[in-house]
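Enquirer: Structure incoming, see below.
The values are calculated or read from the model by the stated rules, or taken from the named source; none is laboratory data. Everything quoted here is computed from the prediction, not taken from an experiment. Here Cβ is always computed from backbone atoms with ideal geometry, including for glycine, and neighbour counts include all displayed protein chains. Surface areas here come from the heavy atoms of the whole protein model, side chains and all, with no ligands, DNA or RNA. Shrake-Rupley method; radii C 1.70, N 1.55, O 1.52, S 1.80 Å.
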Amino acid sequence: MAFKANKSEWSELYVFLRLLTDGKLYLGNHRGEKSERSFWPISVIEREEHDGPRRYYIEEDKVRVEGKEDYIKLHRVALAVMADKVLDLIKSNNEEEIECPEDIEKFLDTAKILYLEPETQDRTDLKISFWSPHKIPTGFIIQSKLAPMRPLLDGGRSANLKLELTGARKFAQPEIENINALETNETVRDRMLLIQEMDGVLRYSDVADRVFRCNLSMIDLHFARILAEMVRTFHIEGKSRVYEVMNIIKKENPIKIKEDLIQKHRFYEYKMKQFLMAATCGMRPAKIFNGEDSAVEGMLVVGSEGQIIGYHKDERKAFEDFLYLNTRFIKGSQEKDKYGFLEREHGTYFFKLNVKIGLTKR
């Protein structure tokens, strides 16, 4: 009986089959383009299945599969055909849930692939050994432009930043209620602007979650303030790309550092790149981050036409620059994440902003 899977799941299967077919991973540059002359030969791909990890050894014209009890061989030509079929399946369907065609289902049964999207405890989607099967496998996450992309940082309420309502005048309760009742296409922005029109001032106060506060302090003791100003600017100015927001923040200089640090040392860009790398490779708002390496060491990015490029911490500059130039702030659900309204705590009103960051689609 045919089953259905979403585009993200089909994309993960496509990446797996395409890498087995190609036997190499092309590296990407800072613009998200493939470096034709820069690639790493793939020796083994390790993938979780229903019965535990399986290792796929790439040979000249076949792939040797070893698992708990399985030992099979798959022809790379057949894998190439299936990779193309899966790609066509994704691109030709407008629906998020796609039914599996009979020929692909038959192949999956033959290859004993039960999970299109492996379930792992360490957040990796694939582990790859390059150059030699004896090399320690490297963990990768997959970001596919063929499907809705997962955020790099999505901590829900734990990723909220608090702005304190201050100013020359005290707001009456009916005024607070009127501000919170305002609903527009840009509710968060317009509520902040209304507060400003009423002579209120929203000043950075704190990180709502204690663990996230400490995690951000690992980047820099002042980074939470920088991030809060970036999210505020994202809403007020309507610019979502990280580097565009940062260009504004540099001029405002929220932590009042010297001009040499801003222009010559590129302090703000440096701190943001550190944060983006940490968020990509393991930092989570509600989980203690101590700066140590996680199982995630790289990212596989799938373009809208199915091309796959890789980024790895060993090629740190390209990875950091790619993240800086190709990430954006995202608006999360106000109701779910509990932000964008004035809330009283111990006699003081706070306005919370939520941090959510993902890759750009283009």
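Enquirer: For the range 40-61, give me each residue that is of a type in the set (Lys, Arg) and open to solvent by less than 50 Å² (accessible area, probe 1.4 Å).
Expert: Hits for the range 40-61 are Arg47, Arg54.
Enquirer: Continuing with this model, one more query. Return the residues of the range 303-353 that are among the hydrophobic types (A, V, I, L, M, F, W, C) and touching a Leu at 6+ places or on another chain (Cβ under 8 Å); say none if nothing qualifies.
Expert: Passing the criteria: Ile308, Ile309, Ala318, Leu323, Leu342, Phe350, Phe351, Leu353.
Enquirer: Considering the range 231-241 alone, what residues qualify as being touching a strand residue (DSSP E or B) at 6+ places or on another chain (Cβ under 6 Å), of a type in the set (A, V, I, L, M) and open to solvent by 40 Å² or more (accessible area, probe 1.4 Å)?
Expert: The answer is none; no residue qualifies.
Enquirer: Can you find, within the range 231-262, the residue that is farthest from Asn185 (Cα to Cα) among those that are of a type in the set (Asp, Glu) and free of Cβ contacts under 8 Å to residues at least 12 places away in the same chain? If you could, list the steps in order and put the result at the bottom.
Expert: If we filter the range 231-262 for residues that are of a type in the set (Asp, Glu), which is where we start, we get 237, 244, 252, 259-260.
Pick out the ones that are also free of Cβ contacts under 8 Å to residues at least 12 places away in the same chain and you get 237, 244, 259-260.
Working: Glu237: 14, Glu244: 22, Glu259: 37, Asp260: 40 Å.
My answer is Asp260.
Enquirer: What are the pairs, 6+ residues apart or on separate chains, where a residue within the range 123-138 that is open to solvent by less than 50 Å² (accessible area, probe 1.4 Å) has its Cβ under 6 Å from a residue that is outside any strand (DSSP E or B) and hydrophobic (A, V, I, L, M, F, W, C)?
Expert: Thr124/Ala295
Enquirer: Take the range 289-314 and flag every residue that is of a type in the set (A, V, I, L, M, F, W, C) and modelled with pLDDT under 95.
Expert: Phe289, Ala295, Val296
Enquirer: Please go through the range 79-90 and pick out each residue that is over 10 Å from Leu17 (Cβ atoms) and surrounded by 16 or more Cβ atoms within 10 Å (Cβ to Cβ).
Expert: Matches in the range 79-90: Leu89, Ile90.
Enquirer: Kindly indicate which of Ser35, Ser8 is surrounded by fewer than 17 Cβ atoms within 10 Å (Cβ to Cβ) and among the polar types (S, T, N, Q).
Expert: Within the list Ser35, Ser8, the selection yields Ser35.
Enquirer: If I filter the range 150-168 down to residues being open to solvent by 40 Å² or more (accessible area, probe 1.4 Å) and outside any strand (DSSP E or B), which single residue comes out as modelled with the lowest pLDDT?
Expert: Within the range 150-168, the match that is modelled with the lowest pLDDT is Ala168.
Enquirer: To continue, here is another question. Considering only residues that are among the charged types (D, E, K, R), assigned to a loop (DSSP other than H, G, I, E, B) and surrounded by 11 or more Cβ atoms within 10 Å (Cβ to Cβ), look in the range 91-121 and name the one that is modelled with the lowest pLDDT.
Expert: Glu117
Enquirer: Pairs under 7 Å by beta carbon, first residue touching a residue at least 60 places away in the same chain (Cβ under 8 Å) in the range 1-14, partner polar (S, T, N, Q), six or more apart or different chains?
Expert: Ser8/Ser144; Ser11/Ser144
Enquirer: Restricting the search to the range 247-281, which residues are open to solvent by less than 10 Å² (accessible area, probe 1.4 Å) and out of contact with any Ser or Thr (no Cβ under 8 Å at 6 or more places or on another chain)?
Expert: Taking the range 247-281 and keeping what is open to solvent by less than 10 Å² (accessible area, probe 1.4 Å), we get 249, 262, 268-269, 272, 275-277, 279-280.
If the condition is that a residue be open to solvent by less than 10 Å² (accessible area, probe 1.4 Å) and out of contact with any Ser or Thr (no Cβ under 8 Å at 6 or more places or on another chain), then Ile262, Tyr268, Glu269, Met272, Phe275, Met277, Ala279, Thr280 are the ones that fit.
Enquirer: Grab the strands (runs of 3 or more DSSP E) fully contained in the range 1-58, keeping just those with 1 or more residues being of a type outside the set (Val, Ile, Thr), closer than 26 Å to Gln121 by Cβ and within 21 Å of the chain's Cα centre (by Cα). Outline the logic, then answer.
Expert: Working: elements: 4-6, 24-28, 34-49, 52-58.
In the range 1-58, the matching strands (runs of 3 or more DSSP E) lie at 4-6, 24-28, 34-49.
Enquirer: Tally the residues that are touching a residue at least 60 places away in the same chain (Cβ under 8 Å), open to solvent by 30 Å² or more (accessible area, probe 1.4 Å) and not charged (D, E, K, R), restricting the search to the range 180-230. I'd like the intermediate steps shown before the answer.
Expert: The initial filter retains those residues of the range 180-230 that are touching a residue at least 60 places away in the same chain (Cβ under 8 Å), namely 180, 187-188, 191-192, 195, 202, 205, 208-209, 211-212, 214-215, 218, 224, 227-228, 230.
Now drop any that are not open to solvent by 30 Å² or more (accessible area, probe 1.4 Å), which leaves 180, 205, 208-209, 214, 218.
Next, only the ones that are not charged (D, E, K, R) stay: 180, 205, 208, 214, 218.
The number of residues fulfilling the criteria is 5.
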